[in-house]
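The values are calculated or read from the model by the stated rules, or taken from the named source; none is laboratory data. Quick caveat: nothing in here was measured; it's all calculated off a predicted structure. As a convention, Cβ positions derive from the backbone with ideal geometry for all residues, glycine included, and neighbour counts pool all protein chains shown. Each accessible area value is taken on the protein alone, full model and side chains, heavy atoms only, with ligands, DNA and RNA left out. Shrake-Rupley method; radii C 1.70, N 1.55, O 1.52, S 1.80 Å.
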Amino acid sequence: MRSRTIAKPAAPKAPKPVRVQAEHGRPIAVAGVRVEEVREDWIVQDKWWTEQPIRRHYWELITVEGRNVVVFHDKLVDRWFSQTA
Amino acid sequence: MIVCVYLPRFELVAAAGGPEALTGWALAIAPSGSGPARVGEVSGTAQAQGVQQGMMLGEALARCPALELVPGDPVQVAQSWEQIARALEGIGAQLELARPGLAYFDGAGLVGLHNGEDGLLLATRKALARPARIGVAPSRFCSLAAALETRTRRVRRVSERDVRRYLAVQPVGILSYRSQTATIVASLQQLGLGKLGGLVKLTAAEIADRFGEPGTLARGLALGHDTPLRVRRVEDRLTESMQLGEANSGLLLERTLEVLVDRLLARPQRRGRTLRAITLSARLAERGTWREEVVFRQALSDPRRIRLALSQRLQLLPAPATALQLAVDEFGPAGGDQGGLLDGERTARLARLQDAVGQVRTLAGPHAALRVLVVDPRSRVPERKVLYAPWQQ
């Protein structure tokens with residue numbers, strides 16, 4: 001019988017890179033789907049006293065397809081990620 | 001032929017960040033959080049100003065106002081010492097580790113392997129890769145006396161016929177290096193017995209009458225008698241560690257401990273063995289580390305009982321921690337799980353399930369059966385809220 005070793009999975013709520021179009025820092029499309037409404041946005045700054053600080057701007061959005069998505073802009077690497085909050 | 005390897009001020013060197021840090025500075029290891037405030041190992045400069053290891057902090061500062069206190073780093077000490085022990089075991093030595101910085105091994109069987117005694121000592125020095133004092137003598141105690149007497153980078157040899165004569169002129173303070181005899185050193189000195197020779201002149205009955213078992217042992221040591229070495233077994237060293245988030249206390253610590261215990265038990269290198277002793281250590285948020293050795297009353301592999309024993313020690317953490325680590329010090333026999341008195345249907349079902357998970361892991365690796373564990377539900381960073389932990393019954 002052939003066996004296949006399962007690789008170590010990523011953390012349950014690990015951020016995933018996502019393509020986001022933004023205007024003046026405000027997301028207008030996520031993965032090519034237009035944003036209908038911004039429900040909330042908040043900033044997380046943490047671990048600034050360590051060598052691995054966190055500076056994120058979170059956005060909770062409703063797309064035109066009716067999906068609720070949470071994305072954040074990582075200000076340290078200037079990239080967008082989606083995440084299950 | 002017992003070889004004693006002695007690295008003076010090992011803990012202070014590790015805590016200060018290297019031997020160079022000690023040069024010209026009056027340093028001492030700061031008192032630990034619990035117990036009376038006594039300083040740990042002290043540098044040569046501090047010692048020259050009258051500061052001694054174990055002295056009350058107030059007295060130490062009064063004698064040496066320039067004394068600088070270095071936070072202890074027990075994790076670094078343990079890691080460095082383990083590295084040295086592994087290197088010595090690499091030349092074939094079966095070690096008795098008395099304490100960090102002091103080890104013994106029987107060199108008789110290694111002389112042929114390293115082309116004579118000089119070759120063995122050269123190999124020992126190479127393995128150590130740092131200046132050390134080495135004593136060679138027929139007994140453990142005598143080799144310790146020789147190592148303490150000699151200078152760094154030197155070797156002191158004591159032959160079989162010189163043992164008694166050599167030990168007779170050694171100070172009784174050497175007995176403090178042995179836990180069983182350390183208690184009588186002050187009494188011996190107060191009685192005017194400064195050298196071991198004075199102890200030998202007394203009869204065994206007189207010593208036993210005044211000092212009891214430690215006295216009898218001390219007299220035996222002074223006569224060159226000693227117990228065999230208690231060598232450690234060379235085993236796999238399993239460790240699991242995890243960084244802590246921002247709220248590093250209470251629930252998060254408990255949950256992190258739970259994940260670490262589960263990960264440790266799920267490691268294939270454990271090969272079904274029970275755990276007899278574990279070291280719980282933490283890197284503290286301010287500076288320094290904390291370390292606690294936990295020896296279980298009986299060998300365990302039940303995660304709940306292990307967690308219960310460890311969580312009590314976790315409460316002794318002196319300050320907030322940034323990382324937590326578990327390391328297995330000693331394994332017990334394989335199996336050994338305590339079965340319930342009444343083996344009901346549920347127990348049988350769980351046993352089958354455990355067996356099935358074991359088979360899945362064998363086929364598909366350790367990540368085949370995981371569970372989601374809520375670690376820090378209030379964290380503002382979502383990836384810190386939950387973690388995957390190995391599935392345990």
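The table that follows gives values for the structure above.
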{"item": "Apportionment of accessible area to carbon and sulfur, the protein assembly as shown, percent (1.4 Å)", "result": "50 percent"}
{"item": "Accessible area in square angstrom per residue, chain A, 1.4 angstrom probe", "result": "72 Å²"}
{"item": "Summed residue charge, Cβ within 13 Å of B:Thr279's Cβ, Lys/Arg positive, Asp/Glu negative", "result": "-2"}
{"item": "Å² of accessible area per residue within chain B, as computed with a 1.4 Å probe and no ligands counted", "result": "51 Å²"}
{"item": "Rg ratio (alpha-carbon, reference 2.2 N^0.38 Å) - the range B:2-98", "result": "1.19"}
{"item": "Stokes-Einstein diffusion coefficient of the range B:237-293, Kirkwood radius over Cα pairs, 10 °C, 1.306 mPa s, in µm²/s", "result": "124 µm²/s"}
{"item": "Stretchable slack from B:Gln79 to B:Ala204, in nm (0.36 nm times residue separation minus alpha-carbon distance)", "result": "40.8 nm"}
{"item": "Table column - 3J(HN,Hα) (Hz), the range B:357-372, Karplus curve with 6.51, -1.76, 1.60, x for Gly and Pro", "result": "4, x, 5, 4, 5, 4, 7, 10, x, x, 8, 6, 10, 10, 10, 8"}
{"item": "Per-residue ³J(HN,Hα) for the range B:15-25, Karplus 6.51 cos²θ - 1.76 cosθ + 1.60, θ = phi - 60°, Hz, x for Gly and Pro", "result": "6, 7, x, x, x, 5, 5, 8, 5, x, 10"}
{"item": "Count, lysine Cα pairs under 20 Å in the protein assembly as shown, 8 or more residues apart or across chains", "result": "9"}
{"item": "Relative frequency of Cα-Cα separations exceeding 22 Å in the range B:147-219, percent", "result": "23 percent"}
{"item": "15 Å beta-carbon shell around B:Val172, net charge (K/R +1, D/E -1)", "result": "+4"}
{"item": "Inter-site label distance for B:Arg151 and B:Gln298 at 7 Å from Cα along Cβ, in nm", "result": "5.7 nm"}
{"item": "Where GluC sites (Glu not before Pro) fall in DSSP loop in the range B:248-297, at most 11 other Cβ within 10 Å", "result": "B:Glu286"}
{"item": "For B:Lys195, distant residues with modelled amide H under 5 Å away", "result": "B:Val172"}
{"item": "Loop-located trypsin sites (Lys or Arg not before Pro) in the range B:66-159, at most 14 other Cβ atoms within 10 Å (DSSP)", "result": "B:Arg151, B:Arg153, B:Arg154"}
{"item": "Under-5 Å amide H pairs with B:Leu317, H placed in peptide plane, nonlocal only", "result": "none"}
{"item": "Residue range of chain A that is longest and free of chymotrypsin sites (Phe, Trp or Tyr not before Pro) which are both DSSP loop and sparsely packed (at most 15 other C-beta within 10 Å)", "result": "A:1-47"}
{"item": "Under-5 Å amide H pairs with B:Val70, H placed in peptide plane, nonlocal only", "result": "B:Ala28, B:Ile29, B:Ala30"}
{"item": "Coil-residue trypsin sites (Lys or Arg not before Pro) of the range B:215-290, DSSP, other Cβ within 10 Å capped at 16", "result": "B:Arg230, B:Arg232, B:Arg233, B:Arg237, B:Arg271, B:Arg287"}
{"item": "Euclidean distance between Cα centres, the range B:270-331 to the range B:1-30, Å", "result": "26 Å"}
{"item": "Area buried, chain B against chain A - accessible surface, total, 1.4 angstrom probe, square angstrom", "result": "1700 Å²"}
{"item": "On Cα atoms only, tilt of B:140-149 relative to the major axis of chain B in degrees", "result": "70 degrees"}
{"item": "Per-residue HN-Hα couplings for the range B:100-115 [Karplus 6.51, -1.76, 1.60; θ = phi - 60°; Hz; x = Gly/Pro]", "result": "x, x, 9, 9, 10, 8, 8, x, 4, x, 9, 4, x, 5, 10, 6"}
